[in-house]
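Accompanying notes for the structure given below.
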Amino acid sequence: MSVCDPSALARSLLAWYDRAGRALPWRKKGNERPDPYHVWLSEVMLQQTTVAAVTPYFLRFIERWPTIAQLATAPTDDVMHAWAGLGYYARARNLHACAKMVAQWRGGQFPDDEEALRKLPGVGDYTAAAITAIAFGKRAVVVDGNVERVMARLFAVTEPLPAAKGRLKALAAHLTPDMRPGDYAQAVMDLGATICSPRNPACGICPWMNECQGRRQGIEAQLPAKLAKPERPTRHGIAYWTARKDGAVLIRRRPPQGLLGGMMEIPSTPWRDDTPWDMAELAAHQPVAAQWRPLPGLVRHTFTHFHLELRLVAGKASANATPLGLWVALDKLSDHALPSVMVKVVKHALAKAY
DNA sequence: AATCCGTGGCC
DNA sequence: TGGCCAAGGAT
């Protein structure tokens with residue numbers, strides 16, 4: 001067997017998958033076709049997100065919204081709330097928009113070809129191919145980070161990402177068989193997730209160990225090569241923990257676009273580079289007029305492209321204040337779509353302000 | 001094309 | 001501890 005025999009490689013991979021494939025909540029056993037709704041939902045959740053993180057969210061979603069029609073009629077904020085903590089919140093907005101389109105214009109049936117799927121919000125090249133192969137059993141070239149890594153190693157592609165993407169996709173297309181499209185796609189991704197892992201790949205038990213050129217050359221651990229990432233700056237902000245006489249605190253909704261778009265937050269100054277805020281600057285950004293007292297410590301959080309250091313101040317709002325936001329009782333905070341960084345802020349405030 | 005967009009686990 | 005990484009998409 002050689003790398004010039006793609007069908008033999010596909011067969012050996014599928015044999016491995018039949019023997020070692022993982023049981024996942026969105027996967028059906030044997031030849032049973034999975035629900036396209038489940039495939040789509042899981043694939044969107046799995047974008048840049050681990051199986052371990054996705055699993056409880058997936059189970060909650062399909063329990064609460066058993067069909068895409070039910071998801072489509074849910075209030076957007078319910079979807080955002082259910083998504084809170086999973087990250088990349090534009091996915092949740094696109095997910096809901098997509099559900100509405102499929103439910104209203106297509107009778108709840110997903111299109112079964114890549115081109116049409118690709119037009120749905122939140123569905124890109126990868127997700128369209130994955131749904132086509134997994135949900136509809138049609139051949140599609142499914143390329144995610146796992147596939148790129150596996151191809152780079154199998155064919156010893158040393159060109160760094162992202163420049164190598166086109167070459168890696170062509171290699172993936174060369175290997176993709178006509179048989180069992182869904183199983184094959186999931187098998188390559190499973191291989192990348194469990195054996196051909198980013199660190200310490202388990203080459204000794206890999207079904208492709210004898211064909212892998214990266215391993216033959218002893219460079220598999222260095223692949224895929226990647227361009228160095230730019231340094232992450234640190235941004236600074238001050239969050240206003242605003243309490244009313246009855247104990248309720250002030251939260252507000254972030255703008256629909258951009259970072260944490262549409263999610264709820266503890267009001268804060270802008271998050272700016274380099275320079276921490278001075279107490280004298282608080283009045284210019286406060287959500288309501290108050291005397292602010294600094295709380296000890298700070299909340300650190302790392303986003304994709306910057307670190308955040310958030311200090312907290314606490315203040316009492318006057319009885320007739322009319323802030324831009326929403327008063328929420330402390331024990332009702334979890335009813336709202338608070339992203340993880342804001343959960344950290346709330347915990348810090350509860351520990352330091354009382 | 002390059003940037004922006006979350007989070008938690010891992011070593 | 002901090003950087004790296006994950007079943008990417010939108011602009």
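A few remarks follow.
- Any hit, the range A:106-125, residues being touching an Asp or Glu at 6+ places or on another chain (Cβ under 6 Å) and away from DNA strand B (no atom under 16 Å from the Cβ): no
- Applying the condition of being away from DNA strand C (no atom under 14 Å from the Cβ) and not in a helix (DSSP H, G or I) to the range A:30-60 and asking which residue is surrounded by the most Cβ atoms within 10 Å (Cβ to Cβ) yields A:ASP35.
- Just one of the listed residues (A:LEU338, A:LEU308) is out of contact with any Leu (no Cβ under 8 Å at 6 or more places or on another chain) and within 16 Å of DNA strand C (Cβ to nearest atom), and it is A:LEU308.
- The range A:224-238 residues that are in the same structural domain as A:ARG199 (by TED's automatic domain parsing), paired with ones that are open to solvent by 100 Å² or more (accessible area, probe 1.4 Å) and part of a loop (DSSP other than H, G, I, E, B) (beta carbon under 6 Å, 6 or more apart): none
- Pick from the range A:190-209, criterion crowded, with 20+ Cβ neighbours inside 10 Å and under 27 Å from the mean Cα position of the chain (by Cα), ranking: nearest to A:PRO25 (Cα to Cα): A:ASP190
- Residue ID - nearest to DNA strand B (Cβ to nearest atom), chosen from residues in the range A:85-100 that are at negative phi and outside any helix (DSSP H, G or I): A:TYR89
- Test for A:ALA140: is it crowded, with 19+ Cβ neighbours inside 10 Å, over 17 Å from A:ALA193 (Cα atoms), aliphatic (A, V, I, L, M) and touching a helix residue (DSSP H, G or I) at 6+ places or on another chain (Cβ under 7 Å): yes
- Of the residues making up the range A:330-354, those that are hydroxyl-bearing (Ser, Thr, Tyr) and within 23 Å of A:LYS245 (Cβ to Cβ) are A:SER334, A:TYR354.
- Test: residue in the range A:263-271 that is away from DNA strand B (no atom under 16 Å from the Cβ), open to solvent by 60 Å² or more (accessible area, probe 1.4 Å), of a type outside the set (Gly, Ala, Ser) and more than 21 Å from the chain's Cα centre (by Cα): no
- Taken residue by residue, the range A:113-128 has no member that is among the aromatic types (Phe, Trp, Tyr), at pLDDT 95 or above and more than 14 Å from DNA strand C (Cβ to nearest atom).
- Taking the criterion of being surrounded by fewer than 12 Cβ atoms within 10 Å (Cβ to Cβ) and near DNA strand C (Cβ under 10 Å from one of its atoms), the residues of the range A:228-257 that qualify are A:ALA228, A:LYS229, A:PRO230, A:GLU231, A:GLN257.
- Sub-6 Å Cβ pairs linking a first residue in the range A:297-322 that is closer than 21 Å to A:LYS347 by Cβ and not assigned by TED's automatic domain parsing to the domain that holds A:GLN286 to a second residue that is in a strand (DSSP E or B) and at pLDDT below 95, at least 6 apart or interchain, number zero.
- Selected residue (criterion: most open to solvent (accessible area, probe 1.4 Å)) from residues of the range A:143-171 that are among the hydrophobic types (A, V, I, L, M, F, W, C), within 15 Å of DNA strand B (Cβ to nearest atom) and in a loop (DSSP other than H, G, I, E, B): A:ALA163
- Each residue in the range A:55-76 was checked for being within 25 Å of A:LYS138 (Cα to Cα) and touching a helix residue (DSSP H, G or I) at 6+ places or on another chain (Cβ under 6 Å), and 3 of them qualify.
- So A:ARG27, is it part of a loop (DSSP other than H, G, I, E, B) and under 23 Å from A:ASP125 (Cα atoms): yes
- Hey, A:ALA82 within 27 Å of A:THR194 (Cβ to Cβ), within 16 Å of DNA strand B (Cβ to nearest atom) and among the small types (Gly, Ala, Ser) or not: no
- Enumeration of residues in the range A:61-88 that are open to solvent by 50 Å² or more (accessible area, probe 1.4 Å) and over 24 Å from A:ARG106 (Cα atoms): A:HIS81, A:TYR88
- Count of the range A:61-77 residues, restricted to those that are in a helix (DSSP H, G or I), of a type outside the set (Val, Ile, Thr) and in contact (Cβ under 8 Å) with a residue 12 or more places away in the chain, is 6.
- Flag for A:ARG216 being at pLDDT 95 or above, within 24 Å of A:VAL150 (Cα to Cα) and more than 13 Å from DNA strand C (Cβ to nearest atom): yes
The values are calculated or read from the model by the stated rules, or taken from the named source; none is laboratory data. As the structure is a computational prediction, the values presented were derived from the model and not from experiment. Cβ atoms come from the backbone with ideal geometry, glycine included; neighbour counts cover every protein chain shown. SASA here: full protein model, heavy atoms, side chains in, ligands and nucleic acids out. Shrake-Rupley method; radii C 1.70, N 1.55, O 1.52, S 1.80 Å.
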